[in-house]
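What follows is calculated from the coordinates using simple rules that are stated; it is not laboratory data. Keep in mind it's a predicted model, so treat the numbers as computed, not measured. Note: ideal-geometry Cβ built from the backbone for every residue, glycine included; neighbour counts use all protein chains shown.
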Amino acid sequence: MKPLPPCLFSLTLPTYMVMEYCVCGMQEMLDSVDEKRFPIFQAHGYFCQLLDGLEYLHSQGIVHKDIKPGNLLLTTDGALRISDLGVAEALHPFAEDDTCCTSQGSPAFQPPEIANGLDTFSGFKVDIWSAGVTLYNITTSLYPFEGDNIYKLFENIGKGDYSVPEECGPLLSSLLRGMLEYDPEKRFSIQNIRQHNWVRKKHPATEPLVPMPPSADRRDAWRSMTVLPYLEHLHGYADQDDEDDDELFYGDGEIIYSQGFTMTGERRRDRDRWRGGKNSRELFLSSHSQWVRSLHTLN
């Protein structure tokens, strides 16, 4: 994560918050391949970025509490972003340590101290454990602990007994066991993880990279960086039925911009005067340019 400048624009009615654009989630990528895992070199790259993000969060006194592939997003250039701080906790600025007393994260990623119902626990070590389960999952397609229901799952986590597949090798196995240490006091810190040989090692690309899958939204199947088709779809409507309107986005990779609106009479004449003869694509390009200029003005 990185701090963004305050980009709040209050218009006539709505308020828009401008956030960094991420095109895909890590879980979505895993689900798109039969192996349900990443090659080691790819998992290593993502994990190192996750470490950077966690270190920053912890330096700001924030405990995420729900690290998992489903909350890790990626930009078009493969940069990882930690998302969903809905259950995160901001420690008091004058807190003596990272002690927390509540947790609402995903069950499969919770540590033994939470599974066993302890009243207080180290928040940072909870994130370390969850990151360890995440690394275990993206390299093996498995989870260290499973159960037929949440009660059985927590019972297994509370016991702390798990195994690491042999194909992980000694280095990765050592790292996973350090992060999934039952005793929080003995569990690896971020500094321990950074110094581990698996993290420091350069891993060769021995398997094909898992790519970002095509988007399920057929309007933007290849995850373009432009918001123009979405703006057009939101504000502009072709003079067709709704079913035909969908065809505007379902061509051979081309975006077809509608140039007619379902307006009649005086509203249509007002619209034409406002447009000044521009078609809708030119109109939105012009609006987008004005929006970009407003960003520079604020900065």
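Taking segment 9-64, which GluC sites (Glu not before Pro) meet the DSSP loop condition and have no more than 16 other C-beta atoms within 10 Å?
Working: sites: E20, E28, E35, E55; in loops: E20, E35.
Hits after loop and neighbour filter: E20, E35.
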Mind checking the alpha-carbon convex hull of segment 115-220 and giving the volume per residue in Å³? 173
Would you kindly derive the ³J(HN,Hα) couplings of segment 25-42 from the backbone phi angles with the Karplus curve 6.51 cos²θ - 1.76 cosθ + 1.60 (θ = phi - 60°), listing them in order in whole Hz, with x for Gly and Pro? x, 4, 5, 4, 5, 4, 5, 7, 10, 5, 6, 6, 8, 9, x, 4, 5, 6
HN-Hα J couplings of segment 71-87 from phi, Karplus 6.51/-1.76/1.60, θ = phi - 60°, integer Hz, Gly and Pro as x? 10, 10, 9, 10, 8, 5, 9, x, 6, 8, 10, 7, 10, 6, 9, x, 10
So, with points 7 Å from each Cα along the Cβ direction, the T76-K186 label distance in nm works out to 4.9
So if I place +1 on the C-beta of Lys and Arg and -1 on the C-beta of Asp and Glu, and nothing else carries charge, what would the dipole magnitude of segment 24-200 be about its Cα centre? I want it in debye, nearest 20. 300
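Loop-only chymotrypsin sites (Phe, Trp or Tyr not before Pro) in segment 75-126, please: DSSP not H, G, I, E or B, and at most 13 other Cβ atoms within 10 Å.
Details: sites: F94, F109, F121, F124; in loops: F94.
In loop regions of segment 75-126 (DSSP not H, G, I, E or B), the sparsely surrounded chymotrypsin sites (Phe, Trp or Tyr not before Pro) are F94.
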With +1 on each Lys and Arg Cβ and -1 on each Asp and Glu Cβ, and nothing else charged, work out how big the dipole of segment 74-167 is about its Cα centre, in Debye to the nearest 20. 140
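If each residue of separation counts as 0.36 nm, what is the full-extension length gain between A95 and F41 once their alpha-carbon separation is subtracted?
Working: separation 54, 0.36 × 54 = 19.44 nm, distance 3.83 nm.
Length difference between fully extended and current span is 15.6 nm.
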Amide H contacts under 5 Å for S215, restricted to residues at least 5 apart in sequence or on another chain and with H modeled in the peptide plane, are W222, R223
